[in-house]
Amino acid sequence: MRYLEAWSIAYAGDYENATPLLKSLARESKDATLRFRAEVTVANVLANGSRHEEAFVSLNRVLSMLPQVTDRGIRDQALQSAALLFNEAGQYEIGLTYANRLLAESADGKSVCIARHLALQALRRSGRTPSVEAFQAGVDACMKVGETLWASLVRLDAAHALVNSNRTNEAIDLLKTNYSDALNTNYTRVISEFDALLANAYWQIGDWIEARKFAQRAIDGSVRKEFTRPLVEGYRLLFLLARQRGDLRNALDFLEKYAAADKGHLNEAGTRALAFHVVEQQVQARKAEIAALSKRNQVLQLQQTVSKTAAQTRGLLILLLLSVLAFIAMWLYKTKRSQLHFMKLARRDGLTGIFNRAHFGDAAEAILAYCRKGEREACVVLIDLDHFKLVNDTHGHSAGDVVLKRTVQACQAHLRSIDIIGRLGGEEFGIVLPDCDPAAGRELAERFRLAIADLSNGESGVGFPVSASFGVTSSRWSGYNLKQLIIHADKALYVAKDHGRNRVEVFDGAGTETADPAGTQPGSFDRRRA
């Protein structure tokens, strides 16, 4: 009864009050199976409450207890929780291992359904697209036992795979055909995921009316007080649609909401991943601590055993103590190095190695504050690769990745040690140049442009034309507020795109001026950048 009471409190979303009740049961119950079930539920409740580090600590206890548990139902629940939490933390190989283990061990229809969904999710998110037959098998397994909710989740993964394979119309057909099933689940997360994916698919095929409708639904139906993927996608598409129709006021409003939601979502995902690594490190540290204590006990035993030979005992004791100290020192060194490594991963873009968007913003604001205090000028440069989607569609995503890496390398060759560069989006980059006036900023941007255009030449070239458009602004015109600098640089970038791409435009406070020798006049700022 105590377990059911705690479970009902958690189901109502009151994680703060449910957690201590469940932890008490996990410690005090005389029933081993009930203790295990309570610990599994603790891990799930902590994860739902965004207490990710504690959730992984609890999950480690669950997995250590699993070999002693024989109850099939609760074993299934533990394996489901493990696969789900590891998938959410980005540890897809580990998540896939537990999903496949659940699939191999369980004969329960619902568990088989959930296992198939979690396995397909891990494969898709790790970049390995399952076959159409695999997705259909997952849907069939769930519908066979009446699990419409899990079937809807499998269909979502299948639709994502179709969109990623440029089979957008098939994705729309799949989602629309099964939309009523998703609504009947009454599960906010699933419904908003359907809406967001439909909005994105309609955007890709140019159906702006349907895209706007489903984007708004994704926002309205998102989980309250959470930065979910549908919320981020909804604001992104409404921003693009408003900008496309020239509604700059609403476009800016949606852009701000998108940036806030995207930052919150990225922070949540980063927190989950970091929590996994921190707990993993703590487990290793605990093992090292136990090993150190074991060695210490050995030292004491040896000291008692050889008490009659004081000289030998003293020498042996010193030797063992030095070994323990060396072991602890090595462990501390490795722990610190691992922590620094994980901090670096949290700040860097995984493909190019430069700052990601969140850390670029923090570093840029620090540099701008320094320049403001010292009354030094600073420039901001935005770079957007021209026709990058065409590169991916024509030459493949691997070629697109090579272009992104080479672009960063080409720009870094002209940067000073005090300059910073970050990846702001798929093919968009930002650079902050302290102690730099507008003329120097434009000259440096022109060097970037020529270096990027040169990537298609020579034996080490990519084998096809590559170019980029640049927007430059200065604190002289835009002040030291990063948001304002980005807006003005983005306006200049719009003009560069309008005037044929592969060029540099500079915002000068009233409009923009071009770095193109032809000296063409700047166009309006309300045209869509491609």
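The values are calculated or read from the model by the stated rules, or taken from the named source; none is laboratory data. Computed from a predicted model, the values in this text were never measured in an experiment. Here Cβ is always computed from backbone atoms with ideal geometry, including for glycine, and neighbour counts include all displayed protein chains. Remember, those area values only see protein heavy atoms, side chains included, never the ligands or the DNA or RNA. Shrake-Rupley method; radii C 1.70, N 1.55, O 1.52, S 1.80 Å.
Quick notes
- Normalising the average separation of contacting C-alpha pairs (under 8 angstrom, six or more residues apart) by the number of residues puts the relative contact order of region 150-231 at 27 percent.
- Pairwise FRET efficiency - residue 68 versus residue 314, Cβ, R0 = 45 Å, nearest 0.05: 0.50
- Cα gyration tensor, region 18-66 - rounded (a/c under 1.5), prolate or oblate: oblate
- Cα gyration tensor, region 1-101 - rounded (a/c under 1.5), prolate or oblate: oblate
- Spherically averaged projected area of region 374-439 from its Cα convex hull (nm²): 5.1
- Under 13 Å from the Cα of residue 491 - aspartates and glutamates, other chains or at least 8 residues apart: 384, 505, 508, 513, 526
- Here the relative contact order of region 31-89, from alpha carbon pairs under 8 Å that lie six or more residues apart, stands at 37 percent.
- Global form of region 164-254, assessed from the alpha-carbon gyration tensor, a/c cut-off 1.5: oblate
- Cα→Cβ-extended label distance, 7 Å offset, between residue 252 and residue 376, nm: 3.0
- Segment residue 32-residue 325, length gained on full extension (0.36 nm per residue, minus Cα span): 101.5 nm
- Among the listed pairs 257/389; 257/373; 213/263, those whose Cα-Cα separation exceeds 28 Å are 257/373.
- Most positive-pole-ward Cα, 24, 41, 67, against dipole of region 1-73 from beta carbon charges: 67
- Full extension of the chain between residue 165 and residue 481 yields a length gain of 109.8 nm, computed as 0.36 nm times the residue separation minus the alpha carbon distance.
- For a label point 7 Å along the Cα-to-beta-carbon line of residue 128, residues of region 75-104 with backbone N under 17 Å: 83-84, 86-88, 90-104
- Averaged per residue, region 136-229 has 49 square angstrom of accessible surface, using a 1.4 angstrom probe with ligands and nucleic acids left out.
- By the rule of a C-alpha distance below 19 Å, with chain neighbours fewer than 8 residues away ignored, the aspartates and glutamates paired with residue 110 are 71, 76, 140, 147, 157, 181.
- In the full protein context, region 403-504 carries 39 Å² of accessible surface per residue, based on a 1.4 Å probe and ignoring ligands, DNA and RNA.
- Relative contact order for region 400-456, counting Cα pairs under 8 Å that sit 6 or more residues apart, in percent: 39
- When restricted to Cα atoms, region 419-509 yields an Rg and a Dmax of 13.6, 43 Å, respectively.
- Note on region 121-207: Cα-only Rg and Dmax are 12.3, 38 Å.
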